[in-house]
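Here the structure is laid out as structure tokens; the discussion comes afterwards.
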Amino acid sequence: QKKMASSAGPSGAGGTDSMLPDNVPRSDDKVAHVQREVDEVSGIMKENVNTLVQQGEALNELHSKSEDLLSEARNFKKSSTAMKNRMWWMDFRVKLAIGGVVGVILLIIIINIINSFKNKEDDY
């Protein structure tokens, strides 16, 4: 039950394609089908390449930002350590001043007590 195409088919004058049944694709159809598949795969690959390029750019930007953040963290650590040391010395000086004032007050009280005992001894 094969239908025979005329000898002037799509492949030229009496080629082998003209002898194929209707349900078998002609070579031109096969080429067009393969070309469509190649075009589709090519489009997908172009999209993949574009996506990779965008991701690469995003990674470069992220890397740059992380380096900036690391640099800022190091600067913060230096300045916070320096601030901690300044605050320690300021606290130490305040404690030293308070200790000095308390010492002077105690010294005055002790001298007054000693003088009052001397004055009482002189009265007897």
For Ile109, state whether it is over 41 Å from the mean Cα position of the chain (by Cα), modelled with pLDDT of 95 or more, of a type in the set (A, V, I, L, M) and open to solvent by less than 90 Å² (accessible area, probe 1.4 Å).
-> yes
Is it true that Met83 is free of Cβ contacts under 8 Å to residues at least 12 places away in the same chain and open to solvent by 100 Å² or more (accessible area, probe 1.4 Å)?
-> no
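The values are calculated or read from the model by the stated rules, or taken from the named source; none is laboratory data. From a predicted model like this one, the values you see are computed outputs, not experimental measurements. Note that each Cβ is placed from the backbone with ideal geometry, even for glycine, and that neighbours are counted across all protein chains shown. For the accessible areas, the whole protein counts, side chains as well, though only heavy atoms, and no ligand, DNA or RNA atoms are used. Shrake-Rupley method; radii C 1.70, N 1.55, O 1.52, S 1.80 Å.
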